[in-house]
Amino acid sequence: MNSDKNMNHLEDLLKTIQQPLRRRILKILNYTKNPLSYSLLQKKVLGSNPNSINFSFHLKPLKANDLIISNEEGYTITTRGKKILNILTDMEDILIDKSKNFMIRTSKYSTEQFQIEKIEEFLIREGDLEDHLAKKIANEVERRLSNTRIRYMTAPLMREYINAILIENGLEKVRHRLTRLGTPPFDVSKLFSSEINKSINPDKFIKKLGSDVSEQYLLLNLLPNHLADFYLSGEIVLTNLNYWALRPLSFYVSNNTVVDIINKSDLGSLKESNGSNGHSKLIFELFRFIYDIKPFYSHDLILDNFNNSFLSIFDSLNHNKKELLFSQLTSQIFNFNQLFYDDQPHISLVFRYNGRDIVEEDRILRFNSDNQFLKHFHSEISNYSNLHKKSIIMDYSQFNSKDLNIIGQNRGSIFYNDKLSHISNDLNIRINKCCNDDSCGNCMILDKILINLDSISIQSNQDDDEFYDNIQEKMHHVFDLFNYKENFVTKKLKHLKKWKNINSFLFQDVSNPLKECSLKSISFFGLNEAIKTHCGFELDRLDKSESFALSIISFMNRLIKEQNESTNENFILSQPHDGNYLKTMTINNPCLGTKNKRSYSHQIIREECSLSLEKQISIFKRFEEILSGGSIFEFKFNGDFSFHEDYLYQILNSDLNAFSII
């Protein structure tokens, strides 16, 4: 009986001290003679951003396990806490000195175990060093590291060790070859060689090198080590890493603002004109605004009600003139997209058909007119294989069985129900009202940060409580990351004249638009993999699996609501989106001491799911209800749409907030 009780105490103790932050608390208290107040201890542990983490959440289990105590004077470590810390220190020494299990944070944004063979390969490949000399230098690096108490090193620190040993051995020329230029000269040479990278033009060449420096600076200098490590280990995903600390993710521009752009150009009367020169100037004015805002976002600019506020001005022109102007307009859109060098669309256009005074006849006329532009758009997009069509966002709330061809003609677009939901962009982020000023109507998406649920399931080892604890910890880190991003971007933009002009035009000179007028999207990935690891089956194969999946997503949503209530923020929970981050992800398995590479899907319902369409929609709608920050049901059709009209009609009448046929 006592043996079982002791085992339970041991498991509880191990669970408590597995968190690096809690071990840091013990170390700080151990090296402090006098008791530390809550605020002083919090500052010593968390540094310059003490309010970023729920600190009391970590103190509670330490006190419960008699590792620390608190009184009126503050916190101190107990005798038991010192003994446990000594054991932990001895274990660290064993791992470092005996096993030489150093971890390297590489410039490729991952953590890797130190391997002497890689040092040798590096010296031979990039330093052009002879094999025997490379082995000698690598052995000396390993020897010196074994005499340190370092648990992990950054790639720059590793290079310092190597460079010092090279100089000591009179190998200055080799050291010079290994000098960093933000990106190693070896990698720069590969980019520079036209034979290896024929698609890298001069602008893309410079952008790539600058991006590498920006990403390294963010992870090695701006973010605290523990937050950077969560990204490096694949537990959290940050998108657009090169611009992450420099600008927001997206902008949403309301219908009224699009009208203001037109009126500002003194070209609003063109609705009554039959000429085309004025309309060309109108396109020019729109893109002058778009180019002005381009430096300040990374993903997309969402133009609401684009068909009624902008395209309708072309209605009075004859067919041939419209053909010419729409060709000009689509060319401008795709030329603009090409400037980002990432083969992604960066302008999203919203088409609305749900006005209060719109009758069926007017709706049909509006769509027929819009369709002339959309044909040009889809024809142009076919020339860019990597540009998906989700840059068209279309209201389907008034569609009926006669409109199935509209869906077919706009395959890959986003169809949203204006009666049930706000618009969602290709990041699966729903644009809710986020600015306190009702007269504004515009907003920005500060960022979207994703949590790896698959990694959490592996760490939790089929323990429900552990799973929820890990989610809560990751959520606090995500809140912390958003706080850092807001501060970084504010610091970068606040003195720029162009940013001040944009703030004045879009946000009516709000004092802090990055806080008051921005959505902060939190998401996840690896849901089905996590559920399979935790429950044994994917969420679409077992009711218990679906129930647990809904439970953890609901838990994340509840944490977001609590955060919003306590901080007056605009955090939202969104479905994951399609992106390169899903393609190859390295997952650590601490139980087995292994790393596995996995690929993920952004879809809630697996593509290989064998359930009927009706059942898939039914399951998806239960998640849709929780994902108030945006979700899109995707269904894949092979071949001609005419063979799938029954499925299309079923989707059309399912009252989904948003869907896309791919």
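Count of segment 153-170 residues, restricted to those that are without any contact (Cβ under 8 Å) to a residue 24 or more places away in the chain and not in a helix (DSSP H, G or I), is 1.
Would a scan of segment 412-430 turn up a residue that is of a type in the set (V, I, T), in contact (Cβ under 8 Å) with a residue 60 or more places away in the chain and touching a Gly at 6+ places or on another chain (Cβ under 8 Å)? Checking segment 412-430: at least one residue is of a type in the set (V, I, T), in contact (Cβ under 8 Å) with a residue 60 or more places away in the chain and touching a Gly at 6+ places or on another chain (Cβ under 8 Å). Could you list, ordered by first residue, the pairs with Cβ atoms under 9 Å in which the first is in segment 285-300 and touching a residue at least 12 places away in the same chain (Cβ under 8 Å) and the second is crowded, with 20+ Cβ neighbours inside 10 Å and aromatic (F, W, Y), at least 6 apart or interchain? Note: pairs meeting the criteria are L286/F310; I293/F251; F296/F251; Y297/Y243; Y297/F251; S298/Y243; S298/W244; D300/F251. Candidates in segment 336-365 are the residues that are in contact with a strand residue (DSSP E or B) (Cβ under 9 Å, 6 or more places away or on another chain) and in a helix (DSSP H, G or I); of these, the one that is modelled with the highest pLDDT is F336.
If you go through segment 445-477 and pick out every residue that is in a helix (DSSP H, G or I) and of a type in the set (V, I, T), you end up with 3.
The numbered conditions (1) surrounded by 14 or more Cβ atoms within 10 Å (Cβ to Cβ); (2) modelled with pLDDT of 90 or more; (3) not small (G, A, S); (4) not in a helix (DSSP H, G or I) are all true for T32 except (2).
For segment 613-622, the count of residues that are of a type in the set (S, T, Y), free of Cβ contacts under 8 Å to residues at least 24 places away in the same chain and outside the structural domain of S551 (by TED's automatic domain parsing) is nonzero. Listed conditions (1) of a type outside the set (K, R); (2) farther than 27 Å from M475 by Cα; (3) surrounded by fewer than 16 Cβ atoms within 10 Å (Cβ to Cβ) are all met by S39, apart from (2). For I104, the requirement of being under 30 Å from E160 (Cα atoms) and either among the charged types (D, E, K, R) or modelled with pLDDT under 80 (or both) is met.
Residue count for segment 414-437, restricted to those that are in a loop (DSSP other than H, G, I, E, B), modelled with pLDDT of 90 or more and more than 20 Å from F251 (Cβ to Cβ): 1. With respect to the conditions (1) modelled with pLDDT under 85; (2) part of a loop (DSSP other than H, G, I, E, B), E380 falls short on a single one, namely (2). Out of E569, E645, E608, one residue alone is crowded, with 18+ Cβ neighbours inside 10 Å and at pLDDT below 95. It is E569. Tally up the residues in segment 56-86 that are part of a helix (DSSP H, G or I), crowded, with 19+ Cβ neighbours inside 10 Å and aromatic (F, W, Y), please. Here the count works out to 0. Out of segment 278-335, which residues are farther than 30 Å from N580 by Cβ and not in a helix (DSSP H, G or I)? Of everything in segment 278-335, those that are farther than 30 Å from N580 by Cβ and not in a helix (DSSP H, G or I) turn out to be N305, F310, D315, S316, L317, N318.
Evaluate the following for N483: is it free of Cβ contacts under 8 Å to residues at least 60 places away in the same chain, in a helix (DSSP H, G or I), assigned by TED's automatic domain parsing to the domain that holds I560 and closer than 26 Å to H226 by Cα? No.
Out of the residues in segment 583-605 that are outside any loop (DSSP other than H, G, I, E, B) and among the basic types (K, R), which is modelled with the lowest pLDDT? Within segment 583-605, the match that is modelled with the lowest pLDDT is K595. Among residues of segment 512-538 that are farther than 13 Å from L446 by Cβ and charged (D, E, K, R), those with a beta-carbon under 7 Å from a residue that is modelled with pLDDT under 95 and in a strand (DSSP E or B) at least six positions away or on a different chain give the pairs E529/R598. The set of residues in segment 548-559 being crowded, with 21+ Cβ neighbours inside 10 Å and either of a type in the set (K, R) or within 17 Å of the chain's Cα centre (by Cα) (or both) consists of M556 alone.
Being part of a loop (DSSP other than H, G, I, E, B), over 24 Å from H477 (Cα atoms), touching a Leu at 6+ places or on another chain (Cβ under 8 Å) and modelled with pLDDT of 75 or more is a property that L123 lacks.
The values are calculated or read from the model by the stated rules, or taken from the named source; none is laboratory data. Predicted model, so just to flag it, every value in this text is computed and none were measured. Quick reminder, even Gly has a Cβ in these numbers, built from the backbone with ideal geometry, and neighbours come from all protein chains shown.
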